[in-house]
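Let me begin by presenting the structure, written as structure tokens, before commenting on it.
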Amino acid sequence: MFQGTVTENLHGLWTTRVRQRRNWRFTTYRPWTEMAKQQNNPGVYRKKVFVEPIREWNFYRGDRVEILVGKDKGKQGIVDCIVSERNWVFVQGLNCTVRVIKQPGMPTVAQKIETPLLVTSEVALVDPSDNKPCSVEWRYTEAGERVRVSTRTNRLIPRPAMAEETKDYKKKDLYKDGDKDTSADELKLVTFQPSKKTFEQDLMDKRGIVETRKPAPTFWY
């Protein structure tokens, strides 16, 4: 959640405090970018967006989907980005628009960008058996693994390898621990020993502090 600084006059004194925005508006810019912070600055009010709740999310990065609306209707592509807060997915090279950027003293630039699609009504997963759009549901295999299955052909739709990619690794098995990473052996160590002591008493024992003062007697009437 973004925090902004605001200056207010309290009792005749100008003070600066940190104000946290309660209702964050999610857009095509991710929350950690500067553009998203500018769009959600304190004091900036925008029209409320109502998002249809989804009980189970069925889309991952790397999934092949088919577009159901717009000029690219019927075309298939790979999901490149997901904004689950708005039920959006971005498909590589499809459903694009041209944004013209004009700046004083600079040449005009035309930028082609991908626009979001709603997972509820504008895209559908592709069945790998016949390459046609389908609806999916979650089921369990005999081994107890939860998988996605096409409701039309009962064909299993595997989770793509691209869904496991992060900024740190392509696959979990290929990740190498760094200097600031905690090893698996250190996680197994039991470092906490429970005792019937308060935090102050435990700290005094570790620091070698001995309490020599005696509390004054207390009388109740």
(Q) Using a Förster radius of 22 Å, what is the FRET efficiency between MET35 and ILE78 based on their Cβ-Cβ separation? Nearest 0.05, please. (A) 0.35
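With N set to the residue count of region 94-163, report its C-alpha Rg divided by 2.2 N^0.38 Å to two decimal places.
Values: Rg = 19.6 Å, N = 70, 2.2 N^0.38 = 11.1 Å.
Dividing the Cα radius of gyration by 2.2 N^0.38 Å gives 1.77.
In the structure shown, do any of LYS48/LYS71; LYS73/LYS112; LYS37/LYS167 have a Cα-Cα gap over 25 Å, and if so which?
Violating the 25 Å limit, Cα to Cα: LYS48/LYS71.
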Q | Approximate spin-label separation TRP57-THR108, in nm, with each point projected 7 Å along Cα-to-Cβ | A | 3.9 nm
Q. When the chain is fully extended, how far beyond the present Cα-Cα distance does LYS206 get from LYS176, taking 0.36 nm per residue of separation?
A. 7.2 nm
Q: Could you run the Karplus curve 6.51 cos²θ - 1.76 cosθ + 1.60 with θ = phi - 60° over region 120-128 and give me ³J(HN,Hα) per residue in whole Hz, x for Gly and Pro?
A: 6, 8, 10, 9, 9, 5, 9, 6, x
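Using 1/(1 + (r/R0)^6) with R0 = 22 angstrom and r between the beta carbons of PHE219 and LYS196, what's the FRET efficiency to the nearest 0.05?
Working: r = 28 Å, r/R0 = 1.28.
For PHE219 and LYS196, the calculated efficiency is 0.20.
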**Q.** Calculated FRET efficiency for the pair SER183/VAL49, C-beta based, R₀ 41 Å, to 0.05
**A.** 0.40
Q. In the chain, if every C-alpha pair distance is counted and binned at 10 Å from zero, what percent goes to each bin?
A. 6, 17, 20, 20, 17, 10, 7, 3, 1
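So for each of 163-175, 71-83 I average, over its residues, the number of other beta carbons within 10 Å; can you give me the resulting order with the highest mean first? Show your work: numbers first, answer last.
Details: 163-175: 10.4, 71-83: 15.5.
So the order, starting with the most tightly packed, is 71-83, 163-175.
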Q) Once both labels are modelled 7 Å past Cα along the beta-carbon direction, what's the TRP138-ARG22 spacing in nm? A) 3.2 nm
Q) Measuring from centroid to centroid over Cα atoms, what is the spacing of region 188-210 and region 59-94 in Å? A) 55 Å
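Tell me, what is a quarter of the convex hull surface for the C-alpha atoms of region 149-220, in nm² with one decimal? Please list the in-between numbers first.
Numbers: hull surface 55.9 nm².
In nm², the orientation-averaged hull projection of region 149-220 is 14.0.
Just so you know, all these numbers are worked out from the coordinates, no wet-lab data involved. Note that the coordinates shown come from a computational prediction; the quantities given were computed from them, not determined experimentally. Every residue, glycine as well, gets a Cβ built from its backbone with ideal geometry; the counts of neighbours run over all protein chains shown.
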